[in-house]
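Visitor: Let me begin by handing over the structure; questions about it come next.
The values are calculated or read from the model by the stated rules, or taken from the named source; none is laboratory data. Since the structure is predicted, the reported quantities are computational estimates derived from the model, not experimental observations. So basically every Cβ, Gly included, is an ideal-geometry build from the backbone, and we count neighbours across all protein chains shown.
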């Protein structure tokens, strides 16, 4: 069992310290831990606090931020925080696009260009984890370019985890990571050898290893490499805040050569993020291409990232309100049309963490319509985010007095009780939410989290799978009602990661 899943928490972890550590990690590397996922951050901090010989997390924080060893220690902490589960040719349709569409187009273009030197191909695997992705890219390149000696091929693979990079450079894997590698590629690009306990392991051949150059890189560093024909950054930005992701996509745009290609994760999207890339579809796969001119949004949900972060947040708030209105109509609740514009501004202030402004707008909305359940619910969300849990529960009680069938109130009650450690009450409220709405994905997810905290692994697995079943019925990347503005793709990725972690605990 991974010790991070169940550390010996025999030291006090002050509530205020969680936000302090969260903000520090986000500012340093972009990783952002939402409230319901703070447990994994806490586990990692406790583990490193003990490893460094400190008796309190506050002393560890001082060491992490001020000591002469702070850079080395931050990398050790990142080794625990980053998820390293991956495998060769993950999301095979994207590699099909790479082999059959993208690489042939780039090769043809490079061959036509006059050059005294060898034609060059530069590819960046950003967030390469333990190396399966960049080696898969190298194999795809070797499949397509038959005269490799006539080319200058550079595949740069970077990650912020030093332990992941060490494994990447070794290039030796067990059976699980190569499960999608067909026999032809296995024989061509791997060398089978005996591993620990006599179990077979597979070493990447020298031809492929020489094509990939591994290096430590924090994507929040001031300077990123450039001149790339292709960038892979898959299943990385799902752990970033919106503002961080917007800035990173702008930087990727600068790092790409003209007409360069960007591959992101299967469940990720540039909707609301950037209009500097145009989306392309080919044989069941989506990828992006650098636009020389920013696209002008037209029709559907705008993609306003060429503007300010506030404009992006406002568009997300509008989409979230639309999602909530659909849910309320399904429950035969009249949406508060008279205060709709105020609700958008409240949500926008909420997402930007301008809580005083949001509460002031709520007062204005309630002066117009004091029976609008949404305003009381939003106030409860704000107080919960501020850590004022008793006040949040008072607002939720007001919600239920207005409408005892308002399902999100039971969901938020469940989340608050989970935060307080009262898992029995959390489970009761989340089950009530699901009784009222069997398609409430967030309630399934939160209930699964309760089960995980209680060590009820099989029930937690079922809960995360139920979440996936609901989300996969919806439009891809739809904004989830009452979610705080994130889309279904994000929650799908979180479910899949939690399922993988839980499977390891029962293996």
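Visitor: Checking the condition on the phi < 0 side of the Ramachandran plot, exposed (fewer than 11 other Cβ atoms within 10 Å of the Cβ), under 30 Å from the mean Cα position of the chain (by Cα) and without any contact (Cβ under 8 Å) to a residue 24 or more places away in the chain, which residue from 206, 182 passes?
Guide: 182
Visitor: Looking at the stretch 96-117, which of its residues are touching a strand residue (DSSP E or B) at 6+ places or on another chain (Cβ under 9 Å) and within 28 Å of residue 171 (Cα to Cα)?
Guide: Scanning the stretch 96-117 gives 96, 97, 98, 100, 101, 102, 103, 106, 107.
Visitor: With the structure loaded, tell me whether residue 301 is more than 27 Å from the chain's Cα centre (by Cα), modelled with pLDDT under 65, not in a helix (DSSP H, G or I) and not assigned by TED's automatic domain parsing to the domain that holds residue 18 or whether it fails that test.
Guide: Here the answer is no, as residue 301 does not meet what is asked.
Visitor: May I ask you to verify whether residue 161 is under 30 Å from residue 488 (Cα atoms) and touching a helix residue (DSSP H, G or I) at 6+ places or on another chain (Cβ under 7 Å)?
Guide: Criteria met by residue 161.
Visitor: Looking at the structure I just gave you, is residue 467 closer than 23 Å to residue 409 by Cα, in a helix (DSSP H, G or I) and at pLDDT below 80?
Guide: So residue 467 fails the test.
Visitor: Quickly run through the stretch 432-452 and pick out the residues that are assigned to a helix (DSSP H, G or I) and either loosely packed, with under 15 Cβ neighbours inside 10 Å or in contact with a strand residue (DSSP E or B) (Cβ under 9 Å, 6 or more places away or on another chain) (or both).
Guide: 435, the sole residue that qualifies.
Visitor: Which one of these does residue 384 not meet: (1) within 27 Å of the chain's Cα centre (by Cα); (2) modelled with pLDDT of 85 or more; (3) surrounded by 22 or more Cβ atoms within 10 Å (Cβ to Cβ)?
Guide: Going through the list (1) within 27 Å of the chain's Cα centre (by Cα); (2) modelled with pLDDT of 85 or more; (3) surrounded by 22 or more Cβ atoms within 10 Å (Cβ to Cβ), residue 384 breaks only (3).
Visitor: Something else now. Please enumerate the residues belonging to the stretch 209-250 that are farther than 19 Å from residue 24 by Cβ, surrounded by fewer than 17 Cβ atoms within 10 Å (Cβ to Cβ) and free of Cβ contacts under 8 Å to residues at least 60 places away in the same chain.
Guide: Within the stretch 209-250, 210, 213, 215, 223, 226, 250 qualify.
Visitor: Quick one: how many residues across the stretch 152-174 are in contact with a strand residue (DSSP E or B) (Cβ under 8 Å, 6 or more places away or on another chain), farther than 13 Å from residue 203 by Cβ and exposed (fewer than 15 other Cβ atoms within 10 Å of the Cβ)?
Guide: The total comes to 2.
Visitor: Then there's this: Can you go through 321, 329 and tell me which one is part of a helix (DSSP H, G or I), at pLDDT below 65 and within 19 Å of residue 482 (Cα to Cα)?
Guide: When all the criteria are applied, what remains is 329.
Visitor: Okay, next question. Quick one: residue 146 ticks every box in (1) outside any helix (DSSP H, G or I); (2) in contact (Cβ under 8 Å) with a residue 24 or more places away in the chain; (3) under 29 Å from residue 111 (Cα atoms) bar one, so which box is it?
Guide: Here residue 146 meets the rest and fails (2).
Visitor: While we're here: Kindly indicate the residue of the stretch 58-75 that is modelled with pLDDT under 85 and part of a helix (DSSP H, G or I) and also nearest to residue 504 (Cα to Cα) among those meeting that condition.
Guide: 75
Visitor: Having 3 or more residues that are farther than 30 Å from residue 290 by Cα is the bar; report the helices (runs of 4 or more DSSP H) wholly within the stretch 160-279 that clear it.
Guide: 162-170, 183-189
Visitor: State yes or no: is residue 417 closer than 27 Å to residue 340 by Cβ and assigned to a helix (DSSP H, G or I)?
Guide: no
Visitor: Please pick out the residue among 109, 101 that is loosely packed, with under 15 Cβ neighbours inside 10 Å and assigned by TED's automatic domain parsing to the domain that holds residue 165.
Guide: Within the list 109, 101, the selection yields 109.
Visitor: Within the stretch 4-13, does at least one residue satisfy the condition of being in contact with a helix residue (DSSP H, G or I) (Cβ under 7 Å, 6 or more places away or on another chain) and at pLDDT 85 or above?
Guide: no
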